[in-house]
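Structure record follows, encoded as C-alpha cells.
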Amino acid sequence: MSKFELKLPQMGESVAEATLTNWLKEVGDTIEMDEAVFEIATDKVDSEVPSEVDGVLLEKRFDVDDVIKVGEVVAVIQVEGEVENVADDGTDEEVSVEEPAEVPARELEAQMVGVKESVSTSTPDFSSSERFYSPLVKNIAKEENVSMDELEAIVGTGKEGRVTKNDIMAYLESRSNGSQTKVEATPQPEAKTEKVATPLAPKETTADKPKESKVHVGAGDEIIPLTRMGKLIAHHMIESISTSAHVQSFVEVDVTNVVNWRNKVKNAFQEREGEKLTFTPIFMEAVAMALKKYPMMNISLDGDKVIKKKNINLGMAAALPDGNLIVPVIKNADQLNLVGMAKTVNDLANRARNNQLKPDEVRDGTYTVTNVGSFGSVFGTPIINQPQVGILALGAIRKIPSVIETDQGEYIGIRSKMYLSHSYDHRVVNGALGGMFVKSVADYLEAWDINREI
C-alpha cells in the first residue's frame, strides 16, 4: 500500500488560491481515476478536482470554506502498489506535512517546566477574516486558545503578510512572558492577553483586511453581504488599481460597413453554420490583428522584467446572471478565421452563463476585451485584468449624424458609430503605443469589406 497526495492544481496564471466549496467524497470512500473528489471556486470559475489515481480516500486536509493555496495537499488517497507522486518538499513550512508535529512538541516542552497548557473550548471563526491562515497556524491557534482578535493583531512576515508558524509561536512566547511573572495552571483572562498583543499591531494593508465601512444603517435599510465571488472580484479590482498606472485612450469608430455586412450575411451564416453571427467575433478578430501588429501590447510585467507573450489569447469578459463577471479565454485567437472565432465566442459565452467552463478555459489570457455597450454605455474606463497590461472596452453602436467625405464633396449622413476605450498600464505602455494600438483596431473595422465572403 502507498499514499497519493492530491494537490490543488494550477487554476490559471493569476490564480494563487481557491476556496473549497464541497467535498464529493468522504473518508473511506472508493475513488476511481478521473472521478471528482472535491469542488473549488475562484474569482474566475467554479470547478471539480478529479483524482489522478484509483484508491480510497484516507484523509481530508481542509474543511469546506477553507482557502487553499495552489500546490497544497488537499486530500490523501490510499492506493494499491507504488504510485509516483510529488511529495511535499517542506520548503514552505506553512504547508509542510510534518510540521503539525510541532504542536504536541510544544505541549511536551510546557509540561517539562510545569505548565499545563490550556486547550481552547471554542473554535475561532476563521471565515470572518479576509486574511489567509494556513492549516498549521489554525491548529496552533485552536490548541493555544488564541482568539480571532489576537490572531488578526499578529504581524505576518510571510508572503503578502501571511502569519507563519514562527510568527504565532513568537506571539505565544510574548503573551506567556508578558502576561504573568509566575506561570500558573489557570489561564489568564482574555482582556489581559489582548493588552499584551498591542505591541504586535499589524500594518494594515488592503490585501490583509479591508477597511471597515462607517456607513450609517438606517431603519428599513437592507444589508446584503457580498458573495464569495464578489469579495474576490472586489479584492482583485483594488489590487489592479494599486498595481498598474491606468491610462485611457478613446477612439470613435465608423462601423457602418461592419453593420451593413453583418445584416447582409447573418441569416445565411446561421442557416449554414447553425450559429448566430454577433458583432463580438468581428471585434475580436480586429483586436487579434492589432496585437499581431503591436506585440508589445501582448505582454506582462514581472518585477523589472517584461514577458513578451508568444500566443495571443483573448479574454472575453462575460456577465453572469448573478451580476458577477467571468473572463473565458479564446486561445490563439489570431489563428482563427471568422467562422472559427464565431463558434468559439458562442460556445464560451453559453457555457459561461451556465457555469460550465473548465479551469483551463479561464487561464493564460494575454489581453482582455469587455463589451460595455451591451448595457447601453457609450464608453467606459475598464480596469486592467492582471497580469495583463491592457483592456479594451467596446461602446454601444449608435446611429448618429456625421460628416461624410466623398469625391463630390462633403455632406451630412446617418452613420453607425461607436467608441473604443483602451485602458493600459503606463508603467510599460506609453501613450504613443496605447493610442496607436486602439487606432489600429479602429482602422481595421472602418476598412471592413462590405463584399467579404464568409
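Read the figures in this text as sums done on the coordinates, not as results from a lab. What you see is a predicted model, and the numbers here were worked out from it, not measured in a lab. Here the Cβ positions follow ideal geometry from the backbone for every residue, glycine too, while neighbour counts run over all protein chains shown.
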Legend entry - Euclidean distance between Cα centres, segment 398-420 to segment 254-300, Å: 21 Å
Legend entry - Euclidean distance between Cα centres, segment 16-60 to segment 334-384, Å: 28 Å
Inset, instruction - Give me the Debye-computed log₁₀ of I(q)/I(0) at q = 0.24 Å⁻¹ for segment 2-79, equal point scatterers on Cα only, no solvent, two decimals. - result: -1.11
Legend entry - Ranked 133, 444, criterion: other C-beta atoms within 10 Å, fewest first: 444, 133
Inset, instruction - Towards the positive end of the charge dipole of segment 307-454, with charges on Cβ (+1 Lys, Arg; -1 Asp, Glu), say which of 451, 372, 408 has the farthest Cα. - result: 372
Legend entry - Residue order, fewest to most beta carbons within 10 Å, for 279, 375: 375, 279
Inset, instruction - With an 8 Å cut-off on Cα pairs and a minimum separation of 6 or more residues, tell me the relative contact order of segment 247-446 in percent. - result: 29 percent
Legend entry - Intensity falloff of segment 247-446 expressed as log10 I(q)/I(0), Debye formula with alpha-carbon point scatterers, at q = 0.16, 0.17 Å⁻¹: -1.07, -1.20
Inset, instruction - Once you've got the Cα coordinates, tell me which of 7/331; 7/142; 69/343 are over 32 Å apart. - result: 69/343
Legend entry - Options 317, 435, 390, ranked by Cα towards positive dipole end of segment 247-446, top entry (Cβ charges): 317
Legend entry - Distance (nanometres) between label positions extended 7 Å along Cα→Cβ at residue 246 and residue 430: 2.4 nm
Legend entry - Exposure proxy order (Cβ contacts within 10 Å, fewest to most) of 411, 419: 411, 419
